[in-house]
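Participant: This is the structure I have questions about; it appears just below.
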Amino acid sequence: MFDDFFIRALVAGLGVAIVTGPLGCFVVWRRLSYFGDTLAHSALLGVTMAYSFQFNIALSVFIISSIIAIILIQLQKKTNLPGDALLGLLAHSSLAVGLVVVGFLTFIRFDIMGLLFGDILAVTLNDIIIIWFGGALILLILKLIWRPLFASTVNYELAEAEGLNPDRAKAIFTILMAAIIAISIKMVGLLLITGMLIIPAAMARNISDSPIKMVIFSIIGGVLSVIIGLFTSLEFNTSSGPSIIAAALFLFILSLFKIKQSVQLKN
Amino acid sequence: MNDNILVKLKNAGFRIKNKWLVQSVSFQVEKGKIVTLIGPNGSGKSTTAKIALGIFKKIEGEVEKYTNKVGYVPQKISIDWTLPLRVSDFMVLTENIKNEDIDEALSLTGVIHLKNKNLGSLSGGEFQRVLLARAISKKPELLVLDEPVQGVDFTGEIALYELIKKISDELNCGILLISHDLHTVMSATDHVVCLNGHVCCSGSPIDVARNNEYKALFGEQASKTLAIYEHKHDHTHSNDGEIKKN
């Protein structure tokens, strides 16, 4: 069954969507979209490292993204620069360094477009295993830290005062962000991973009135985006990442009509 | 050690860079007792509460907390209203609570009808009642209430203070209360700590009321307020409001 490249891409994509759904909700709630972008940009450096040292791509991306996250936290503590400037600094410099390293790796034929925008042809059985096992692990850990993470998202001091240890939850969540980027880079491409996190969650926000509903709708939105996006990609020979994100955008636009309705109902 | 102690501050203080928000504060909260912090604006009341709760970690002095069953009503709460959060979701924010306990707490503070409303749609007073309901529904051992009735209407205010007193008796929990309302609070308070950047005086309400530093801080009138409530039985009032000892 997994012989067909399209089936492989579909199975991998659905795995990614199920994990980005809940994680994306936290990215929206905690206003971390630029943080996600920064980690994703640094992923290119991770990929080049993997090629240079014959290393597993997902693991390499995970390590580099985690290091970038730690550097960011240290810079925030030690400099007076605002957060967005630091994010921009790290995002673009790690992307630049990654591209420079690509230039040196002349002995390898690089599919830069595939890296930036995703490539369904490149999804192997191995990738599927990494996505589903890694994804299951990410979701399990997210479930374990859900209460402190969510409580501190609503109000840090309440969580801290009532003994939930929000700082630890935040640190673990940062690692989960690096992990989701590592496992989804092949599907969506590093420029569009944050879109996969944010757009289904934003769509879900428009049609939900409780956090759990938002998580569920976000997963459904992501799954639908992957299905619609991949079929479009197959039909019109477009890159998989942009097709999936465009499908997510389409669903987001549909969800706006729901808001309009509920606003009208109130009046 | 006294088993009844829930939290104990020993010469505790907190500063941001070189500015002390509060320093050398010592008191303890015991089971079934209400300790009230009073003091003018900026005197370090909320800071002291946060030290007691362990929110501020780099403090001077010592704080010993003997319980993790804590209910907290902060003075200011900034919640991002873009979160889809109903009152019922907010009630279980830090702990799973049985549905009937949620209903009971919301009924006690008079907001059961708002259970399925979005948190962002509540008025200030309604939200304050929800905050209090959330804190008591956990059946905590220690309740920290930082101006818990701000924005609540006058009749509600009295009812909520009575509720707080009742909860202290029923759950046998210790309460650390911050309030500006000397009238309603003092009748129920066991121990008063008067702050002004440091502890300017502390003790039973009557002791504090007699203290000269307290009078300097709050004026003669406030001193009488405290005395009236503590010693209803041993004095009368003349027409001009002067206290006459029996």
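The values are calculated or read from the model by the stated rules, or taken from the named source; none is laboratory data. Note that the structure is predicted; figures quoted are calculated from it, not measured. For neighbour counting, all protein chains shown are included, and Cβ atoms are generated from backbone atoms with ideal geometry for every residue, glycine included.
Participant: Evaluate the stretch B:11-33: report whether one residue or more is within 12 Å of chain A (Cβ to nearest Cβ), without any contact (Cβ under 8 Å) to a residue 24 or more places away in the chain and not charged (D, E, K, R).
Facilitator: No, that holds for no residue.
Participant: Looking only at the stretch B:34-70, count how many residues are within 13 Å of chain A (Cβ to nearest Cβ), in contact with a Gly (Cβ under 8 Å, 6 or more places away or on another chain), more than 11 Å from B:K8 (Cα to Cα) and of a type in the set (A, V, I, L, M).
Facilitator: Total satisfying the criteria: 1.
Participant: Here is a follow-up. Please tell me if B:G110 is part of a loop (DSSP other than H, G, I, E, B) and away from chain A (no Cβ under 14 Å).
Facilitator: yes
Participant: Please verify whether A:A136 is within 14 Å of another protein chain (Cβ to nearest Cβ), under 21 Å from A:F26 (Cα atoms) and free of Cβ contacts under 8 Å to residues at least 60 places away in the same chain, treating the condition exactly as stated.
Facilitator: Taking the combined requirement at face value, the residue does not satisfy it.
Participant: Kindly establish whether B:T94 is without any contact (Cβ under 8 Å) to a residue 24 or more places away in the chain, within 30 Å of B:K117 (Cα to Cα) and not small (G, A, S).
Facilitator: So B:T94 fails the test.
Participant: Can you find a residue in the stretch A:49-56 that is modelled with pLDDT of 90 or more, part of a helix (DSSP H, G or I) and hydrophobic (A, V, I, L, M, F, W, C)?
Facilitator: No, every residue in the stretch A:49-56 fails to be modelled with pLDDT of 90 or more, part of a helix (DSSP H, G or I) and hydrophobic (A, V, I, L, M, F, W, C).
Participant: Please go through (1) out of contact with any Leu (no Cβ under 9 Å at 6 or more places or on another chain); (2) over 26 Å from B:S26 (Cβ atoms); (3) modelled with pLDDT of 75 or more; (4) of a type in the set (A, V, I, L, M, F, W, C) for B:V149 and return the number of the only condition it doesn't satisfy.
Facilitator: Tallying (1) out of contact with any Leu (no Cβ under 9 Å at 6 or more places or on another chain); (2) over 26 Å from B:S26 (Cβ atoms); (3) modelled with pLDDT of 75 or more; (4) of a type in the set (A, V, I, L, M, F, W, C), B:V149 fails exactly one: (1).
Participant: Here's something else I'd like to know. Restricting the stretch B:172-201 to residues that are polar (S, T, N, Q) and either at pLDDT 85 or above or in contact with a Ser or Thr (Cβ under 7 Å, 6 or more places away or on another chain) (or both), which is surrounded by the most Cβ atoms within 10 Å (Cβ to Cβ)?
Facilitator: By that ranking, first place goes to B:T189.
Participant: Can you pull out every residue in the stretch A:176-204 that is within 18 Å of A:L251 (Cβ to Cβ) and aliphatic (A, V, I, L, M)?
Facilitator: A:M187, A:V188, A:L192, A:I193, A:M196, A:L197, A:I198, A:I199, A:A201, A:A202, A:M203, A:A204
Participant: Please work out if B:D103 is within 29 Å of B:L119 (Cβ to Cβ), within 14 Å of chain A (Cβ to nearest Cβ) and surrounded by 14 or more Cβ atoms within 10 Å (Cβ to Cβ).
Facilitator: no
Participant: Moving to a separate point now. Might you let me know whether the stretch B:93-100 holds any residue that is away from chain A (no Cβ under 14 Å), part of a loop (DSSP other than H, G, I, E, B) and of a type outside the set (G, A, S)?
Facilitator: yes
Participant: Which condition number in (1) crowded, with 22+ Cβ neighbours inside 10 Å; (2) within 12 Å of another protein chain (Cβ to nearest Cβ); (3) over 23 Å from A:I145 (Cα atoms); (4) not hydrophobic (A, V, I, L, M, F, W, C) is the one that B:K76 fails?
Facilitator: Going through the list (1) crowded, with 22+ Cβ neighbours inside 10 Å; (2) within 12 Å of another protein chain (Cβ to nearest Cβ); (3) over 23 Å from A:I145 (Cα atoms); (4) not hydrophobic (A, V, I, L, M, F, W, C), B:K76 breaks only (1).
Participant: Against the conditions (1) within 14 Å of chain A (Cβ to nearest Cβ); (2) over 28 Å from B:I5 (Cα atoms); (3) not in a loop (DSSP other than H, G, I, E, B), where does B:R134 fall short? Just the number, please.
Facilitator: Single failed check for B:R134: (2).
Participant: What's the number of the only condition in (1) buried (at least 19 other Cβ atoms within 10 Å of the Cβ); (2) over 18 Å from A:I130 (Cβ atoms) that A:G15 fails to meet?
Facilitator: All conditions are met except number (2).
Participant: When you scan the stretch B:149-162, how many residues do you find that are within 17 Å of B:S107 (Cβ to Cβ) and touching a helix residue (DSSP H, G or I) at 6+ places or on another chain (Cβ under 6 Å)?
Facilitator: Within the stretch B:149-162, residues that are within 17 Å of B:S107 (Cβ to Cβ) and touching a helix residue (DSSP H, G or I) at 6+ places or on another chain (Cβ under 6 Å) number 1.
Participant: All but one of (1) crowded, with 24+ Cβ neighbours inside 10 Å; (2) in contact with a His (Cβ under 9 Å, 6 or more places away or on another chain) hold for A:G229; which doesn't?
Facilitator: Failed condition: (2).
Participant: For the stretch A:149-173, which positions are without any contact (Cβ under 8 Å) to a residue 24 or more places away in the chain and either more than 7 Å from chain B (Cβ to nearest Cβ) or surrounded by fewer than 16 Cβ atoms within 10 Å (Cβ to Cβ) (or both)?
Facilitator: Selection gives A:S152, A:Y156, A:N165, A:P166, A:D167, A:R168, A:K170, A:A171.
Participant: Sticking with this one: What single numbered condition from (1) in a helix (DSSP H, G or I); (2) more than 13 Å from chain B (Cβ to nearest Cβ); (3) in contact (Cβ under 8 Å) with a residue 12 or more places away in the chain fails to hold for A:L191?
Facilitator: Tallying (1) in a helix (DSSP H, G or I); (2) more than 13 Å from chain B (Cβ to nearest Cβ); (3) in contact (Cβ under 8 Å) with a residue 12 or more places away in the chain, A:L191 fails exactly one: (1).
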